[in-house]
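Shown next, in structure tokens, is the structure this report addresses.
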Amino acid sequence: MKNSKKGDIAAYQVVLFVLAIIGFLIVLLLWSTFKDTSDTSNQICHLSVLTRATSPQAAQSFVPLKCTTKKICLTMDSSQKCDSSFAGEKDISVVKLPTDTEKAARIVEQASAEAMYSCWDVMGRGKLDLFGNYAKYSGISFSDAALEKPYCVICSRVAVDDSVLEKKSNGKDSDILLKVNIYDYMKKNSPPGESLTYLQLFTDKQFSSYPVIDTNLFNEKIPNKTTGTAQIRFTRKEIAYVFMQIKSQDVSDVLSNLATSGAVVAGASFLTSPTRTAAGLIVTGGGVSAAIYKVAIIAGFAGQAAINAYAGQVMAAGYCGGVETQNPEKGFIKEIADKIITGGVGTSKGCSLVQALPYNFESINQICSVIEGNP
Amino acid sequence: MRMRNRMKKRGDLREQVPEIIIAVLCLILIVIAGVMIYKLFANQEEENAKKTADIIEGRINALKDGQSNNFIVQGFKGADNWFLVGWSKTEDGRPDKCFFDSCICICKGDLSRLKSGQDESLNNKCTDLGFCRKFSVDKVSVEREVLVGSLKDINPETGQSSEKPEKRICTGIGLKQNLMQISMSKSKDEIKILYESDEPPNDNQACF
């Protein structure tokens, strides 16, 4: 009798022990499997975004955004990994393009649309206040000027390898990039796991096609709050997808300006217009109001027609309206609290956008004063 | 009786072994989770500085002898509290981290507040908190070119005067919170890193 009890206990202990070891191994296996994947890095980024947006105001400055800039290399030769852009850097996602020009162009479109949407999705689709409170509690001055240039996150850098630009047809520049039409791709295709198209997702489900674009748009002065033409030097074969937020009292003005400029404006969401020329629109902040810059892109290297066509699709998608913030509904001196919360701008309204920009200091420093996240 | 008690105690202890092991495993998991959470929220600035040092090292190693190139350094929140500095193999005042090699370091400190004759203060900053990368070349220079004003240049033949920018070269490069473009050249014996700064130098700084 006694022996049987001893045996029971031993069997129970062995089973428990084995289960514990198996459980531990499973956890370790899962941890090591998902540790370095891009999906996990997206989730870590999204988690840090949510943590910051939902933290009490004073704690926000202690919550860093754990968003690492993704490096995507478009190449035709897998032995070449965009060395002119990424030499010496790690964790580069290489997208090998097929020799078929049409297929290669679709893959470039897919990579670009995916990079833009992923950035938008991970950063909270413009509904979270990520930088307003943070800027205040990080010791930045209380004036409007503090938010003149927004904080940015560079979600990804998409580089075009020389092997793509060197592929010429009939003596012309690479016709892969000349055949890229990101807008058309976004109109017809959906991100993985979504039933709506990229265009519908960016425009709050309201649009399924783009408005007709006035081709003379860029020859005319954009009215009202447009602050002129920004020249962007395209000195590198690389585009960055940048997320930024602009605090603005005049959200409706921003939207009407965008609409005047030919952007798709749906409720509070917008997507700047497609253009196949080497010019586009940049949306940026200037104190209390956002502004639209007309952009001329200048390139100065071989394959510039091709890279211009690609970069000419410089675009911005975003949302203007209220942002979720840890605003105390009631409390003493609510007005002052509001002012603190809204970064001194006096509003919890603003525009959030993800924008494709040439990856060089002239372009990005025009817009971003601080880049958050990890290089 | 005493013997039986001892045996019983030993038996009790044996029965506890699986629980102890499970408890230890749970503790290990909790520690791993804790470290991950800590890494998630803390030391972001240091991690970014370290990563920037790695990227610069990678860029230098990717350059072949005789090559030069411009490259972008992507800033990060708090980058203005860090600076880039280099020491040649035979230079005095190098941090111990460099041992007997030339090295380039990213160190914590505000470069504009460092005083002239600063080899020692640069070293101290890098010893306190700095990430150094060693290189096998004899000479390393990490400098920034600053615009201090303009000089009147008189053409002796025509007598006409024109203004040309007066530039000074200062030791070290302060990092920025957005992007900065740095030029880099590498030869068999030397690595040169130069940044064209748009900020005037501080009077205290080591410029020449």
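Every number in this text was worked out from the coordinates using simple rules, so none of it is lab data. Computed from a predicted structure; not experimentally measured. As a convention, Cβ positions derive from the backbone with ideal geometry for all residues, glycine included, and neighbour counts pool all protein chains shown.
First measure r as the distance between the Cβ atoms of residue A:47 and residue B:163, then evaluate 1/(1 + (r/R0)^6) with R0 = 60 Å and state the FRET efficiency to the nearest 0.05.
For R0 = 60 Å, the calculated efficiency reads 0.65.
Peptide B:68-77 shows a mean partner chain C-beta count of 6 within 10 Å per residue C-beta. Among the trypsin sites (Lys or Arg not before Pro) found in region A:36-114, those both in a DSSP coil and sparsely packed, with 16 or fewer other Cβ atoms within 10 Å of their Cβ, are A:90.
Here each label is just a point 7 Å from Cα along the line to Cβ, and for residue B:90 and residue A:55 those points are 5.0 nm apart.
For the pair residue B:148 and residue B:61, the difference between a 0.36 nm per residue extended length and the Cα-Cα distance amounts to 28.0 nm. Per residue of peptide B:174-182, the mean number of Cβ atoms on other chains within 10 Å of the residue Cβ is 5.
Counting, for every residue in B:53-63, the Cβ atoms of other protein chains within 10 Å of its Cβ and taking the mean gives 3. Less than 5 angstrom separates the built amide H of residue A:156 from those of A:70, A:241, all sequence-distant by 5 or more or on a different chain. The trypsin sites (Lys or Arg not before Pro) of region B:47-108 that DSSP puts in a loop, and whose beta carbon has at most 14 other beta carbons within 10 Å, are B:64. With all projection directions averaged, the alpha carbon convex hull of region B:104-199 covers 8.9 nm².
For region B:81-174, chymotrypsin sites (Phe, Trp or Tyr not before Pro) meeting the loop criterion (DSSP other than H, G, I, E, B) and having at most 15 other Cβ atoms within 10 Å: B:99, B:100.
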